[in-house]
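Some notes on the structure that comes next.
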Amino acid sequence: MYPTFLDAIGNTPLIQVKSHPLKGVVFGKFESFNPGHSSKDRIARQMLGKMEEQGKLKAGGTVVEASSGNTARSLAMICALKGYACVIFTTTKISDEKKKLLELYGASVHICPKEAAPDSPESYYSRAAAFANETPGAVYLNQYYNKFNTEAHYASTGPEIWEQTEGKLTHFVCCAGTGGTISGCARYLKEQNPDIKVIAVDAVGSLLTKYFHTGQIDPGELKPYRLEGVGKNIVPGTLHNEFIDAYVQVSDAESMDRIKPMARKEGLLVGPSGGAILQAFYQWPYKSKPGDFVVCLFPDHGISYLSKL
Ligand SMILES: Cc1ncc(COP(=O)(O)O)c(C=O)c1O
């Protein structure tokens, strides 16, 4: 029994998946089992809680965030519970279902052009920051630069994976968006066993893979793509490549095509970023071996994307 849903966040299950060509075993951490149906419940609770602790967010205050959808949903739920106003800036990439859901929880949603350069005043980052500046009692959580994003996964997701596998995992596979999930988990897991290989999944059209290999932030890499939450057009402050061993860059179409076969064969439905993870198994950067024990993280559920699937 929990006093509120906040206490029910985390402890998501690790379930074996068979939809991959690898020689070892693969287990998926299904973050859709969180109350807000995604991994972002963990960071929303942590970032908002820290703002309260630091006295920056007070009763009746306003929480502002730039989000592709899942962080927004988790924040909207927590704001509903705690009586804060919730103002979300997102892009034209957001699915209809996700937008309607935010409004259902009482959040106000502002849609910004997904093509806007990150530093342009029209981008969802700039508009969120400007709105928070102009609004008394408002805090901008800024998940791309908020260390409590990464800390949330270091403190909860990483230890859960280590305990659930009894330390047996050899590889960890995770999408990089803000980089908070992969960086927090990877740091914790490598502290337990530095031999664990950490593989980041990025989207074709994002600049993160080239940045990993060359250290160069190259806007020439950017192309429009539809995968929500995978890859970035900036290098977020919450991405720590020093804990990552390899990057795999996957396409929209191939990622989306991996979702339905797993649903039909195994009854396991994941969102597009989960499809990106499944595609990464087909672009495996290592020699696959029977003794491999692979853990991947599926950030959310496919039910939020029915119009896209
Ligand atoms: C659906 C989805 N998958 C994956 C991610 C990536 O997680 P992270 O931001 O921790 O890198 C996000 C983040 O926005 C997301 O919304």
In terms of modelled amide H atoms, which long-range or inter-chain residues lie less than 5 Å from the amide H of ALA203?
-> GLY231, LYS232, VAL250
Of all DSSP beta bridges with both partners in the chain, the antiparallel percent, nearest 5, is 15 percent
Most mobile of SER123, SER183, SER32 in a GNM of the chain (Cα contacts under 10 Å) | SER123
Give a residue-ordered list of calculated ³J(HN,Hα) values for the range 170-179 (Karplus: 6.51 cos²θ - 1.76 cosθ + 1.60, θ = phi - 60°; whole Hz; x for Gly, Pro).
-> 10, 9, 10, 10, 7, 5, 10, x, 6, x
Excluding residues fewer than 8 positions from LYS114 in its own chain, the lysines with Cα under 26 Å of it are LYS40, LYS93, LYS98, LYS99, LYS100, LYS147, LYS210, LYS223, LYS232, LYS308
Other-chain or far-sequence residues with amide H under 5 Å of ASP292's (modelled H) | GLY24, VAL25
For the chain, which cysteines have no disulfide-compatible partner, meaning no other cysteine Cβ under 4.7 Å?
-> CYS112, CYS174, CYS175, CYS185, CYS296
Consider just the alpha-carbon atoms of the range 41-140 and return their Rg together with their Dmax, both in angstrom.
-> 12.8, 36
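Counting Lys and Arg as +1 and Asp and Glu as -1, what is the net charge of the other residues whose Cβ lies under 15 Å from the Cβ of VAL198?
Numbers: positive: LYS29, ARG187, LYS190, LYS197; negative: GLU191, ASP195, ASP202, GLU242, ASP245, ASP292.
Local net charge: -2.
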For ALA138, enumerate residues with amide H under 5 Å from its amide H, sequence gap 5+ or separate chain, H modeled in the peptide plane.
-> THR62
How big is the chain in terms of Cα radius of gyration and Dmax, in angstroms?
-> 18.3, 58
Among ALA76, ALA253, ALA152, which one shows the biggest mean-square fluctuation in a GNM of the chain, springs joining Cα atoms closer than 10 Å?
-> ALA253
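Bear in mind that the values in this text are calculations on the coordinates, not laboratory data. Bear in mind that the values here come from a model prediction, so they are computed numbers and not experimental data. Methodologically, a virtual Cβ is constructed for each residue, glycine included, from the backbone with ideal geometry; neighbour enumeration extends over all protein chains shown.
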